[in-house]
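Notes follow once the structure below has been shown.
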Amino acid sequence: YYHLAYHTFPLGWLASLLPEGTAFLLPVVIGMVSIFLFYRLARAWSLSTQHTFWLLLFALLTPAVVYSYLTLSAASWALLLFLAVFWLLNLSGKMRYLALLPVILTALTDIMTVLLLALLLAQYFYLRREKGIFPSGTIGILIGSAALAWLLGRIPLAQGPFYATHAATDLVSDLGGRSGVGTALLLLALIGALVIWRERKLLALYGYLA
């Protein structure tokens, strides 16, 4: 089943260390750590408590998010790594270099996830007007590690979902589709669009909506 990400390092290794029948704890831990990192990142980016609460609430009510965290999924693991990368990048001094660890782990997921993180990193460094070896080196390590893993056959181009689609249900995930757009996700997109529109310097982020 594609949704189980045991083949992704280090999830498979961690699952093998757990006693039999306790692997279900990994998605719970990933979910709790993701929420913690989300709050820390929201504080680092000076998001109001009210905005943080509503964003998290709508996200948790999205069927796609609930589905992802019911199993050990590649999507939940990638989101955890993304949150870790940007939270660590907001640390000061040499502590920022810790972000290279989740960057390298992201390079071991799949090519599409790597490309998305590379775009987000490029936008992040651009908005912060960061120049020098660290921004280019971080993106270079990400792409270089992914390219090496790809050549060695360790990572796929993309991970799922691969199944027969049904337009009537898959268009809206609330109707039972494994993918698609949910009403909660539409609300999240609306909130994000309003925030970006008020912050004109973030208009370039609209490109990611495509």
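The values are calculated or read from the model by the stated rules, or taken from the named source; none is laboratory data. Treat the numbers as computed from the prediction; the structure is a model and nothing was measured. Here the Cβ is made from the backbone with ideal geometry for all residues, glycine too, and neighbour counts use every protein chain on show. Just so you know, the surface numbers come from the protein's heavy atoms only, side chains and all, with ligands and any DNA or RNA stripped out. Shrake-Rupley method; radii C 1.70, N 1.55, O 1.52, S 1.80 Å.
Summary of values
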read-out: Condition check for Leu108: at pLDDT 95 or above, open to solvent by 30 Å² or more (accessible area, probe 1.4 Å) and among the hydrophobic types (A, V, I, L, M, F, W, C); value: no
read-out: Answer from Ala23, Ala5 - the residue that is of a type in the set (A, V, I, L, M), under 22 Å from Val85 (Cβ atoms), at pLDDT below 90 and surrounded by 13 or more Cβ atoms within 10 Å (Cβ to Cβ); value: Ala5
read-out: Condition check for Met95: farther than 28 Å from Ile191 by Cβ and either surrounded by fewer than 18 Cβ atoms within 10 Å (Cβ to Cβ) or over 15 Å from the mean Cα position of the chain (by Cα) (or both); value: yes
read-out: Among (1) small (Gly, Ala, Ser); (2) over 19 Å from Phe82 (Cα atoms); (3) modelled with pLDDT under 60 - the single one Gly153 does not satisfy; value: (3)
read-out: Those helices (runs of 4 or more DSSP H) lying entirely in the stretch 24-109 with at least 1 residues in contact with a Phe, Trp or Tyr (Cβ under 7 Å, 6 or more places away or on another chain); value: 25-44, 49-61, 74-89
read-out: Enumeration of residues in the stretch 30-80 that are open to solvent by 20 Å² or more (accessible area, probe 1.4 Å), small (Gly, Ala, Ser) and farther than 24 Å from Thr109 by Cα; value: Ala44, Ser46, Ser48
read-out: Inter-residue pairs, beta-carbon under 9 Å, first in contact (Cβ under 8 Å) with a residue 12 or more places away in the chain and open to solvent by 40 Å² or more (accessible area, probe 1.4 Å) and in the stretch 117-139, second assigned to a helix (DSSP H, G or I) and basic (Lys, Arg), 6+ apart; value: Leu127/Lys201
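Let's see how each residue does on (1) open to solvent by 40 Å² or more (accessible area, probe 1.4 Å); (2) over 23 Å from Ala59 (Cα atoms); (3) at pLDDT below 90:
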position: Ile141; (1), (2), (3): yes, yes, no
position: Gln159; (1), (2), (3): no, no, yes
position: Val172; (1), (2), (3): yes, no, yes
position: Leu209; (1), (2), (3): yes, no, yes
